[in-house]
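First up is the structure itself, then whatever we jot down about it.
Bear in mind these aren't lab numbers, they're just calculated from the coordinates by the rules spelled out. All values reported here derive from a predicted model rather than from experimental measurement. Here the Cβ positions follow ideal geometry from the backbone for every residue, glycine too, while neighbour counts run over all protein chains shown.
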Amino acid sequence: MKSRKKRVHLLLTGLTTLALLAGCGGNAGNGGTGAAGSENAGQADGTDSSKKGPVKITMIATLHTPEVPSDKIEKLLEEKTNTELDIQWVPQGSYDDKVNASFATGTLPMAVNTGLIFFRDAIRNGQFWEIGPYLEQFPNLKNLKPEVLKNTSVDGKIYSLYQERPLSRQGVIYRKDWADNLGLQAPKTIDDIYNMAKLFTEKDPDKNGANDTIGLADRNDMIYGAFKTVSSYFGTPNGWGEQDGKLMPEFMFPEYMDTMKFIQKLHKEGLINKDFPVTSKTDQRNLFISGKAGLYIGSLPDVVGLLEKAVEINPNAKMDVQNRIEGPKGVGIWSIPGYAAVVLFPKSSVKSEEQLKDVLAFYDKLMSPELANLMQYGIEGEHYTIKDGKVIPSTDTKLTEREVKPYAAVAIGGPRTIQMLESNYSTPEKAKAEELVKDNDNILINDPTAPLDSKTFNEQGTRLQEIIKDATYQFMLSSIDEAGFKAQVDRWLKEGGQQIIDEYNASYQKGN
Amino acid sequence: MNDTAITSSVSVPGKRDSSLMRRIAKNRSIYLMILPGFLYFAIFKYIPMSGLVIALQDYQPYLGITGSPWVGLKHFERLFNDPMFFTILRNTLFLFTMNLVIYFPVPILIAVMLNEVRHHLFKRFVQTLIYIPHFMSWVIIVSISFVMLSMDRGLINEVFSMMGLEKINFLMSNEWFRPMYILQVIWREAGWGTIIYLAAMAAIDPQLYEASRMDGANRFRQIWHITLPSIRSVIVVLLILKIGDVLELGFEHIFLLLNSMNREVAEIFDTYVYTAGLKQGQFSFSTAVGFFKSVVGLVLIMAANWLAKKAGEEGVY
C-alpha cells in the first residue's frame, strides 16, 4: 500500500517538478541572458561612454498580480531615464525562493527588491554595495528619511534604498448600524471597546430576536490580528521597550499582562470567537461580514472590502472606523519600521563604482514626482483623470491592474518622501480610514530593536518566540495562570532569551 | 598450500574481472535496460546524499559547501541538548505507535470485509468510495474537520449543545489531538490501503476455500485459516515498510493541526525543523535533524527486517 502510494506521490512530485522546472527555466533563461547582456553593456558604458547610450539595468521584482504587466509604462520609464530596463517579474509566492536561489548561484541582477534580515550576514560579508555615502549626491534620494534608513542599516551603515509604507494602519472597525441600534457612541477608550463587545453579544444588536452575535472577531495572528493593537492601547512597548535604561522584551512589561487579561476576560465571557487562536483570516472576515460579530481590530483600510461584502448580505449594514483608543496610559499605536522592502545592490552584478552611480541615478529619477506618479497611478487620461488636483483612478480596474499596479513593487520612497499627487477615495469609509492611518503617525510607538542586531535572535528568535506565543494563548484561554506564564518567560530567558536581551542591549549601547 | 593460496588470490580476481566484463558484454542489452534506473538512483538519490556534509558546517548559501566553516558536531549537540528534544521524540514515537497499532490493521480489516462481499458491483462501489479521500490534500481534510469541530458553530459542537451536552474543544486541546490525528489518517488512507490486500486476496486459490467448506469450515474459520495466512507475507512486507517510515508522520498534516494549545503533544521533528531551522535559514541545523531522523528510521527498518526473517518471513531485502 505504502509503496504504491509512494510511487504515485513520486510521479506527482516528478510532474510538478518538471512543470516548475519548465517555468523556472523560462524565467531563468530570460534573467540569465538579461544579466549577462547587461554586464557587458554596463561595463562598456561604465568605461567608455557612461553618458552616451542608455544604461542597462537589470532588476528582480515581486509580481502581486496574476500577469506580467504590459511594457507600456516600462517603455516610458526607459525613455525618461535613458536606460534599458530588464525587470524580472517573479510571483509573490515563490519570490523569496527565487531570490535565495539566485543569490546562492551568484546570478542576482543589479537591483534586488527583498527583505533585509535574510541578507544581514551576506551584507557583513561584503556581498553588497554600501550606498550611504552616495545618497547626498542625489537630489531625490537624499529625501529618504534618515530614521527609516537607520532601521534598514546593518552595523550602522546603509546598504539599501527602501519602499515606503504607512507606519501604522491599525485601528478599530465596527458595525455602525449595531451601535446606533443600541445607542452606542464611537468607542474612545478600552473600556468602551469592552462595553461595546459585551452589548453586541448580549443585547441583540441586529434586532433579529436571536442570541446569535458576538462582540469581537479575531484570528490566529498575534501581530496583525487584535492582540498587538490592543496591547498598544494598554501601553505595551512595540516588541521591545526601555526599562531603567535597558531594553526588555514587551512580554516582560506589566502592560502585556494587562492585555492578556483583557482578552482572557473577553474569552471567558464569550465576547470573542472561542476558537480565535485557530481562526483563519477568511473565517474571521466572514464572522464580521455575515453579521455574527460586530468588532474587528486590525488594518483600517480593510473596511472597504469588509463593507462591500457585508452589504451584499445585508444592505443595511454600516461600518465605521476609529483610532486613538485610550488606555490607562493614554493613546499610542505600534508601527512598522517605516519600510516594506528594500533594494540591495549586489557586488556580483554591479561591478564598479561607476556602475553603482548609474543605478543610483536611475533610482533617483524614479523618485522624481513625475515618475513616481507614473508608477503609482499610470498615464493621465488613460489610467486616471485629475479633478480638483486629485487623482481619480479609472474604473477599469482590470486595465490598471494589468498595466500599472505591478510597478508599485519597483518604486522606492513614497508619499512621505516625494511630492506625489493625492488620490480621491471612492467611499467616505475609505477616506476616513486613510485619514486615521495618517493620524496614527502622531501617536506611534516604535520598535527600538529595528536597527539593532542580535545573533541569537537571528538564529533562534523564531523558535523562542513560539514559547511566548504559546504561553500567551494558553493564558488567554485560561489554561495557565500568571505563575505559569512567568515560568514560560523564565524558560524563554534560559533557552537563549537572556542572550538576546544582552546582545540587543550591547548593540543599543553602541548605537547611542 | 602456499602456492594455491597465492595463485587463487592472484588469479581469481583477474579471472572474475574478465568474466564479469565478459558477462556484461554478453548481456549488454539487459544492462542497458538497467542503466536509466541506475542513473536515476545515482543522480537523484546517492549523489545528493553528499549534501549531508552541511550538517557538520555552518552552511551559508553564498559561501557554498566548499567555503562554509566546519563546526563538527555542533548542530547535533544543539539538537540533543534542546529542552524540546525529548518531547519531540516522545510525540514522534507515540504517533508512530498509534499509526502502527491503530491504523495499520484497519485496511486489513476492511479488505477482509470487502472480500466477503459477494455482490460484485456493490463491492467495487464501496471500494472506490473509500479510497477517494486519499486524493484529497491534507489542507482540505483539516479544513473540513475545523468546520465540523469548531466551537464557533461547528456542526458537531452544535449537535452537542442541542442535546444539552457541553461543547468540546477538539481543536485546541492536548487530549483530543491524538484521536483527531489518527481518525483523519484512517479516513484518508484506510481505503487506499486496502488495494494491495485485495489484490493479494484475489490471488488465493479458490480450491482452498472449497476444500475447507467440505471440511465444514464456516466463514470465520475460512478467513482465519485461509485468507489471513495467504496474505501474511504481504502484511509483513507492508509492516516493515511502514516501520521504515517511522518518522514520516506527514509534515503537512501535523503542521495544519498544530497550534499553541496542543504543541506539547503535537510538535514532531518535521514541524520543529520548520520553525527552528528552515524559517530562520538554519540549513545546517535542519540537515542535522533530518539526518538524525533518517538514521532512526534506518535502524528501525533493519531491526524489523531482521525480526521478520527470524520469524521465517521473507523481509524486504
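Which helices, counted as full DSSP H runs in chain B, have an axial Cα extent of no less than 27 Å and a Kyte-Doolittle average of 0.0 or above?
Helices meeting the criterion: B:174-202, B:283-310.
With contacts defined as alpha carbon pairs under 8 Å and 6 or more residues apart, what's the relative contact order of segment A:101-245 in percent? Provide the component values of the computation, followed by the final result.
On the way: 86 pairs, mean separation 17.3, N = 145.
Once normalised by length, the contact order is 12 percent.
Quick one: give the max-minus-min coordinate of the C-alpha atoms of segment A:336-398 along each principal axis, largest first, in Å.
The Cα atoms of segment A:336-398 stretch 45, 29, 23 Å along the principal axes, largest first.
About its Cα centre, what dipole magnitude does chain A give when the only charges are +1 on Lys and Arg Cβ and -1 on Asp and Glu Cβ, stated in debye to the nearest 20? Each step should come with its number before you reach the end.
Values: 60 positive and 69 negative charges, 222 e Å.
The dipole magnitude comes to about 1060 debye.
Label points 7 Å out from Cα along the Cβ direction at B:MET113 and A:GLU435: separation in nm?
Using points 7 Å along Cα→Cβ, the separation is 6.6 nm.
Compute the length gained on full extension between A:GLU370 and A:ALA101: take 0.36 nm times their separation in residues and subtract their Cα-Cα distance, giving the result in nm to one decimal. Don't jump to the answer; show the numbers that get you there.
On the way: separation 269, 0.36 × 269 = 96.84 nm, distance 3.50 nm.
Gain in length upon complete extension: 93.3 nm.
Which whole-number percent is the relative contact order of chain A (Cα, under 8 Å, 6+ apart)? Display every interim value, and only then the final one.
Values: 802 pairs, mean separation 108.3, N = 512.
Relative contact order here is 21 percent.
Quick check: convex hull of the Cα atoms in segment B:242-289, volume per residue, rounded to a whole Å³? Write out the running numbers ahead of the final one.
Values: hull volume 4.0 nm³, N = 48.
Looking at segment B:242-289, the number lands at 82 Å³ per residue.
Enumerate the amide H contacts of A:PHE128 below 5 Å, restricted to partners 5 or more residues apart or on another chain; note that Pro and chain-start residues carry no placed amide H.
HN-HN under 5 Å from A:PHE128: A:LYS347.
Convex hull volume of the Cα atoms in segment B:55-150, per residue, in Å³?
Working: hull volume 21.3 nm³, N = 96.
Spelled out: Cα convex hull of segment B:55-150, divided by residues, is 222 Å³.
For labels at B:HIS225 and A:VAL311 in the simple 7 Å Cα→Cβ model, what's the distance in nm?
About 7.9 nm, to one decimal.
Among B:ASN305, B:GLY72, A:SER426, which residue has its Cα furthest toward the positive end of the charge dipole of the protein assembly as shown, with +1 on Lys/Arg Cβ and -1 on Asp/Glu Cβ?
Result: B:ASN305, furthest along the dipole toward the positive end.
Could you work out, for segment B:226-317, what percent of all Cα-Cα pairs fall into each 5 Å distance bin, beginning at 0 Å and stopping at the bin that holds the largest distance?
Bins of 5 Å from zero give 2, 13, 17, 16, 15, 11, 10, 8, 5, 2, 0, 0 percent of pairs.
If the chain between B:PHE255 and B:LEU129 were fully stretched, how many nm would it gain, using 0.36 nm times the residue separation less the Cα-Cα distance? Mind dumping the intermediate values first?
On the way: separation 126, 0.36 × 126 = 45.36 nm, distance 2.71 nm.
So the extension gain works out to 42.7 nm.
What is the distance, in nm, between label points placed 7 Å from the Cα along the Cα-to-Cβ direction at A:SER94 and at B:ILE102?
About 3.9 nm, to one decimal.
What residues have an amide H closer than 5 Å to that of A:TYR339, excluding those fewer than 5 places away on the same chain, when H is modeled at 1.01 Å from N in the peptide plane?
A:ARG165
Once phi is turned into ³J(HN,Hα) by the Karplus curve 6.51 cos²θ - 1.76 cosθ + 1.60 with θ = phi - 60°, what whole-Hz value does each residue of segment B:251-262 show in order, with x for glycine and proline?
Per residue, the Karplus-derived 3J(HN,Hα) values read 4, 4, 4, 5, 4, 6, 7, 5, 8, 4, 8, 10 Hz.
Tell me, what are the semi-axes, in whole angstrom and largest first, of the equivalent ellipsoid of chain B as set by the roots of 5 times the Cα gyration tensor eigenvalues? Walk me through the numbers on the way to the answer.
Numbers: eigenvalues 357, 273, 62 Å².
Over the Cα atoms of chain B, the ellipsoid semi-axes are 42, 37, 18 Å.
Give the average, rounded to an integer, of partner chain Cβ atoms located within 10 angstrom of each Cβ in A:271-284. Mind dumping the intermediate values first?
Values: counts 0, 1, 4, 10, 13, 3, 5, 13, 4, 2, 0, 0, 5, 0.
Going residue by residue through A:271-284 and averaging, the value is 4.
List A:GLU74, A:GLU380 from most exposed to least, where exposure is judged by having the fewest other Cβ atoms within 10 Å. Walk me through the numbers on the way to the answer.
On the way: A:GLU74 17, A:GLU380 13.
Least crowded to most crowded, the residues run A:GLU380, A:GLU74.
Would you work out which of A:TRP129, A:GLY239, B:SER294 lies farthest towards the positive end of the dipole of the protein assembly as shown? Charges go on Cβ: Lys and Arg +1, Asp and Glu -1.
My answer, from the dipole projection, is B:SER294.
If we restrict to alpha carbons, what Rg and Dmax does segment B:162-222 come to, in Å?
21.2, 57
Out of residues 5 or more away from A:LEU63 or on other chains, whose amide H comes under 5 Å of its own, with H placed 1.01 Å from N in the peptide plane?
A:VAL90, A:GLN92
Out of every Cα pair in the protein assembly as shown, what percent are spaced more than 50 Å from each other? Write out the running numbers ahead of the final one.
On the way: 105136 of 343206 pairs.
That tail contains 31 percent of the Cα-Cα pairs.
Among A:PHE362, A:PHE276, A:VAL303, which residue has its Cα positioned farthest towards the positive end of the charge dipole of segment A:264-399, with +1 placed on the Cβ of Lys and Arg, -1 on the Cβ of Asp and Glu, and the dipole taken about the Cα centre?
Projecting each Cα onto the dipole axis, the largest value belongs to A:PHE276.
Where the only charges are on Cβ atoms (+1 Lys, Arg; -1 Asp, Glu), what is the dipole of segment B:107-166 about its Cα centre, to the nearest 20 debye?
Roughly 400 debye, rounded to the nearest 20.
Can you compute the equivalent ellipsoid semi-axes for segment A:361-465, i.e. the square root of 5 times each eigenvalue of the Cα gyration tensor, sorted largest first and rounded to whole Å? Mind dumping the intermediate values first?
Details: eigenvalues 221, 73, 45 Å².
Each semi-axis is the square root of five times an eigenvalue, giving 33, 19, 15 Å.
So for segment A:241-293, Kirkwood radius off the Cα pairs, Stokes-Einstein at 37 °C and 0.692 mPa s: how many µm² s⁻¹? It would help to have the intermediate numbers written out before the result.
Numbers: Rh = 13.3 Å.
My calculation gives 246 µm²/s for D.
Taking only DSSP H segments of four or more residues, each worth -39500 (n - 2.57), what value at 222 nm results for chain A once the sum is divided by all its residues, to the nearest 500 deg cm²/dmol? Mind showing how you got there, number by number?
Values: 18 runs with 232 residues, N = 512.
Counting only the DSSP helices, I get -14500 deg cm²/dmol.
Across the residues of A:455-462, average count of Cβ atoms on other protein chains within 10 Å? Write down the numbers at each step before the final one.
Working: counts 0, 0, 1, 3, 7, 6, 2, 8.
Going residue by residue through A:455-462 and averaging, the value is 3.
Using Cα pairs under 8 angstrom and six or more residues apart, how large is the relative contact order of chain B, in percent? Could the numbers behind the result be given before it?
Values: 263 pairs, mean separation 75.8, N = 317.
That works out to 24 percent.
Which three lengths, in whole Å and largest first, does segment A:457-512 cover when its Cα atoms are put on their principal axes?
For segment A:457-512, the Cα extents along the three principal axes come out at 41, 19, 17 Å.
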